[in-house]
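Okay, structure first, notes after.
Taken together, the values in this text are just the output of simple stated rules run on the coordinates, not laboratory data. Note that the structure is a prediction, hence the values are computed from the model and not measured. So basically every Cβ, Gly included, is an ideal-geometry build from the backbone, and we count neighbours across all protein chains shown.
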Amino acid sequence: MNEYDSNRILDLTKKINYTSTKNIKEADCYVLNTCHIREKATDKVYHDIGRVKKEFRYKKKPIVLIAGCVAQAEGEILLEKEKYIDAVVGPQSYHEINKIILNIRNKDKKINSTEFEVIEKFDQLNLVKNSNSKISSFLTIQEGCDKFCKFCVVPYTRGPEYSRSFSEIISEAKQLVNNGSREIILLGQNVNAYNFKNKRLSDLLYLLSEIKNLERIRYTTSHPKDFTSDLIEAHGKCKKLMPLLHLPVQSGSTKILKSMNRDHTIKKYLEIIERLKEKKSSIKFSSDFIIAYPGETEDDFKKTISLVKKVGFINSYSFIFSARPGTPAANLREIDSKIAKERLFFFQNTANEIKKNYRKKLINLTARVLFENKVKNESKFFGRDEYFNSVIVNSSEDLNGKIKNVKINQCNQNTLFGEVILDTEHKEYAA
Ligand code: SAM
Ligand code: SF4
């Protein structure tokens, strides 16, 4: 979501004649868009400011803005502690960015803009064309969270759940497709909690599917609690919806899920997976895990390991529990860090082994790959298959924006390597 927000900040600032630069030395204004989900986020801000200070030691300093969730959570402290920062802008008030920049330019005063003005934000954003022209583009449809998992800062930094209207989403999606996007990834902290006048995510998926030249749709991140039957049904019916679902589970132990306030059990989670497979047999899953959550016993941890094996997630993102100030779990007794690290190591080895075996099986099969860009200075193209795996092929033809059949010849942990083949004579993935 920060990538989406950063692009929109760029779209907004174009109105006051700013543009982006890859060369930090040229910047008149430096916007650091931050994430607060795990610890050390604030340290990273100070570290980055240090880098800017060094670059501008003998020059007029640029305007320095801290945006995103660190700004929301620690705005006043940042302004107090680091005088080099001119303003902090929360994730729900960045539509004010031009006013903020002009105020700083005119009056030279510090600004804290961290109100929750999500409706106003999208009202303003709707007036500015989304100029993103990537083959695969993000599109925020929902923001915020009312779930209050005990470990998570999101409800405090992004505010309550809010869903954008159908018309503004469709209009932005059409802009992206007109700019050249062939894939849209719908975003939300709880994207399947989407609800606009009783219209759900499934309704939106069918509507988006009708957009000509939009080839692929994905959405992230969903919550098991909001996984309604209509959405399960849509996975079977909606041809443009890709067959990989990221469905964070956090732990394989229902006891731990309860203490996290997750509001779903492992039984319910597995039921959703089974029902999705019934509708779409080729579907695969990825997930997030928190390792060593306070109270996690060896037995709870084993349950997480057996869940990973049982579902066979093709990608697993795992993190040791990180106590976030202001969240209820921050007051709980943490698990010894040596044990936590050992569990994370064991977990990641298990998950990587599953991923390795899955990838090995793809060799000699055919993937449908949407190509996104040329690899720098080489006659190679980068794309993604339907399962969001990275694929690289050699090609003298410009493949950007095209979907091709690719025979997979090799793989490593992160990338599949293959060759473009004709539509005939291929053995397709899965199903
Ligand atoms: N809304 C999604 C859900 O319900 O699962 C997750 C969104 S959260 C922004 C992304 C991931 O960060 C979570 O799935 C979780 O695994 C991880 N995360 C969040 N807070 C964390 C914490 N305090 N410590 C470790 N990992 C955390
Ligand atoms: Fe955070 Fe997701 Fe839980 Fe909301 S549902 S509090 S975003 S982990």
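Below, the figures for the structure above:
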quantity: Between the range 279-329 and the range 26-56, the alpha-carbon center distance in angstrom; calculated: 30 Å
quantity: Length added when fully stretched, LYS376-LYS54, from 0.36 nm per residue minus Cα-Cα; calculated: 113.0 nm
quantity: Estimated distance in nm for a label pair at ASN2 and SER131, the labels positioned 7 Å out from Cα along Cα-to-Cβ; calculated: 2.3 nm
quantity: Compactness of the chain, expressed as Rg and Dmax over alpha-carbon positions, Å; calculated: 22.6, 68
quantity: The range 197-251 and the range 357-405: distance between their alpha carbon centers, rounded to Å; calculated: 24 Å
quantity: Cross-link partners of LYS25 among lysines (Cα-Cα below 19 Å; sequence separation of 8 or more within a chain); calculated: LYS53, LYS54, LYS59, LYS60, LYS61
quantity: Extension gain, TYR317 back to ILE363 (0.36 nm per residue minus Cα-Cα distance, nm); calculated: 14.2 nm
quantity: Additional length obtainable on full extension of the chain from GLU210 to ASN352, 0.36 nm per residue less Cα span; calculated: 47.4 nm
quantity: Normalised alpha carbon radius of gyration of the range 2-117 [divisor 2.2 N^0.38 Å]; calculated: 0.98
quantity: Relative contact order [Cα under 8 Å, 6+ residues apart], the range 248-360, whole percent; calculated: 30 percent
quantity: Where labels lie 7 Å past Cα in the beta-carbon direction, separation of LYS341 and LYS258 in nm; calculated: 3.3 nm
quantity: Relative contact order of the chain, defined on C-alpha pairs under 8 angstrom at six or more residues apart (%); calculated: 10 percent
quantity: Within a Gaussian network of the chain (alpha carbon springs, distance under 10 Å), most fluctuating of LEU270, LEU176, LEU416; calculated: LEU270
quantity: Modelled label reach - LYS277, point 7 Å along Cα→Cβ, the range 291-310 residues with backbone N closer than 18 Å; calculated: 304-310
quantity: Most mobile listed residue (LYS22, LYS199, LYS404) in the chain, GNM with C-alpha springs under 10 Å; calculated: LYS22
